[in-house]
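Novice: Here you go, one structure.
We did not get these values from a lab; they are worked out from the coordinates using the rules stated. Computed from a predicted model, the values in this text were never measured in an experiment. Neighbour counts are summed over all protein chains in view; Cβ atoms, including those assigned to glycine, are modelled from backbone coordinates with ideal geometry.
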Amino acid sequence: MTLHLIDWIILLFYILLLIFLAGRLIRREKGDIEQFLVGGRRLTLPSFVATTVSTWYGGILGVGEYAYSYGLSNWLVFGVPYYLAALLFAALIAKRANAARLLTIPDQLQAAYGSPMAVGGAAMVFVMTVPAAYVLMLGVLLNLLFTMPLWLGVTIAAILSTFYVLIGGFRGDVRTDWVQFVLMYSVFAVMLIVLATGYGGWTFLKAHLPVEHFQWHGGNSPAYIASWYFIALAALIEPSFYQRAYAAKSPQVARAGILWSIPFWMLFDFMTTTVGLYSRAILGSGLSGVDAFPKMGDLTLSCGLKGLFLVGMIATIQSTVDSNSLLAASTLSHDILWRIKCWRVKISEVGLTRWGLIFSTALAVGIALWSESVVEIWHKLGSLGTPALMLPLALSYSQRWRYRPSWALANLIIASLLVAIWFIMRSYCGKPPFPWMIEPIFIGLFVAGLLLGLDHLTRRKNSYLT
């Protein structure tokens, strides 16, 4: 990308603003684990919406990749299923999670199923929250900007996105999310205005896009589209949702915050999908797609606006990197290592969480460099985690419908293992089609439902016999 001095000044100002916010947090840090992980449970409704909306929309380049490649199908894959899943979380879980007064998802698994399930669930949550896809996106941006090696861009991106969380924990995350929330909407609104006035509207898109870009499937199989609707059910085990529900001032704020977030996601999906359509119409075919938005900004925006658009993309991704990094760190420290008594003597829990943050950030860098497709990372992690945790966690609030502890643990192990085997089988086949054209998540969800049914059938039988 070619940047003017004004663009560089805007980028520098954004970095200095993050440093300034981190500096203010240093003086207020108290070292209390509840303060560090959930901000003392004082999250108001406006802050809840700002941090939830920005955190759950960090995959801006992945959305650009899909919209560039498959058109309006982006809305049916990365929009509608996630709205529905968020509605389910608001209706069934948000208020109960807040009332539980816990810190993490494994805390809830501990209360419902005991320590083995809590530790196993913590391991799965850790895998799901390591922000590999998001540091990859930031690394791609830095690679385009500075023509540096991808590994260096990914490493720098990870450090820039986590240092203020390392200092201030959840409060640092929320403060920066406000800045990032404003930026993400502002810059895409500006981009849409520039594209519509410079190239034309719907008529231009119809004349320059393939027919498939206006079809609901975008050229993908119905089974692939359907798999994303089940992957979206990961919202029921979304650690950032639970963290914000735990941090909310009241159960009412927890539920209303999710409900108010949905219209904001719908608006932003409209913006990003439309810009994705323009990117294919203007840039043509042949790109990987993950760099579609940066290339569009470089080609169509003037100096100043280009720097602002770049900062907006960085901010959108950072809002997820910082939050997921904190979640992965808290899972490793609070839910796994802190259960080992020797660690409690050696170091404070906040200190251990900070070391967990460093480790999870390094792991995210490694995974990002190993798998260089954002959408593929989402697909694999969503397919792995959703069957393993969705039913045990969602049903853990119901005394009547929850699994028995041994069955919940069996579901965690068997469902995730079968999904992993399904992915391995595809790698041996060499190409995308899975065995018998069955997506891995369907295998895992079938096993989860089967085990739940067997659990309840044997429970009724044993109850009758006794």
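Novice: Does segment 35-133 come out rounded, prolate or oblate by the C-alpha gyration tensor, with a ≥ b ≥ c the root eigenvalues, rounded set by a/c under 1.5 and, if not, prolate when a/b is larger than b/c and oblate if not?
Specialist: prolate
Novice: Please sort by residue number the GluC sites (Glu not before Pro) in segment 1-96 whose DSSP state is loop and whose Cβ has at most 15 other Cβ atoms within 10 Å.
Specialist: Those satisfying the criteria are E29.
Novice: Okay, moving on. Only counting other Cβ atoms within 10 Å, I'd like F204, F126 sorted with the fewest neighbours first.
Specialist: If I rank by nearby Cβ atoms, fewest first, I get F204, F126.
Novice: Under a crude label model (7 Å from the Cα following the beta-carbon direction), how far is L299 from F146 in nanometres?
Specialist: 2.6
Novice: Have a look at V174, P263, V187 and report the one farthest towards the positive end of the charge dipole of the chain, computed about the Cα centre with Cβ charges (Lys/Arg +1, Asp/Glu -1).
Specialist: In the chain, that residue is V174.
Novice: If you line up the long axis of helix 163-199 against the longest principal axis of the chain, both from Cα atoms, how many degrees apart are they, to the nearest 10?
Specialist: 40
Novice: Once fully extended, how much extra length lies between S406 and W370, figured as 0.36 nm per residue of separation less the alpha-carbon to alpha-carbon distance?
Specialist: 9.5 nm
Novice: For helix 349-370, what angle does its Cα long axis make with the longest principal axis of the chain, in degrees from 0 to 90 and rounded to 10?
Specialist: Taking Cα atoms only, the helix is inclined about 60 degrees.
Novice: How would W56, W216 line up from fewest to most surrounding beta-carbon atoms within 10 angstrom?
Specialist: Listing W56, W216 from fewest to most nearby Cβ atoms yields W216, W56.
Novice: Still on this structure, please answer the following. Quote the charge dipole size of the chain about the Cα centre in Debye, to the nearest 20; the model charges only the Cβ of Lys and Arg (+1) and of Asp and Glu (-1).
Specialist: Dipole size: approximately 1560 debye.
Novice: When a footprinting reagent is the concern and you count Cβ atoms within 10 Å, what order do T300, T203 take, fewest first?
Specialist: T203, T300
Novice: Same structure, new question: What full-extension length gain, to one decimal in nm, is calculated for W355 and M425 as 0.36 nm per residue of separation minus the Cα-Cα distance?
Specialist: Full extension from W355 to M425 adds 21.6 nm.
Novice: Can I ask one more? Could you tell me the distance between the Cα centroids of segment 46-72 and segment 240-289, to the nearest Å?
Specialist: 4
Novice: Points 7 angstrom from Cα along the Cβ direction at L12 and V119: gap in nanometres?
Specialist: That separation, rounded to one decimal, is 5.2 nm.
Novice: Ok, one more. Please work out which option in (i) 22.7; (ii) 24.6; (iii) 26.6 gives Kirkwood radius over Cα pairs in Å calculated from these coordinates, and answer with its label.
Specialist: Entry (i).
Novice: Which length gain, in nm to one decimal place, applies between W178 and L209 when the Cα-Cα distance is subtracted from 0.36 nm times their residue separation?
Specialist: 7.6 nm
Novice: Calculate how steeply helix 222-231 sits against the longest principal axis of the alpha-carbon atoms of the chain, using the helix alpha-carbon long axis, and give the answer as 0 to 90 degrees to the nearest 10.
Specialist: 60
Novice: Would you mind getting me the FRET efficiency between R24 and L84? Use the beta-carbon distance for r and R0 = 45 Å, nearest 0.05.
Specialist: Taking R0 as 45 Å, the efficiency between R24 and L84 is 0.70.
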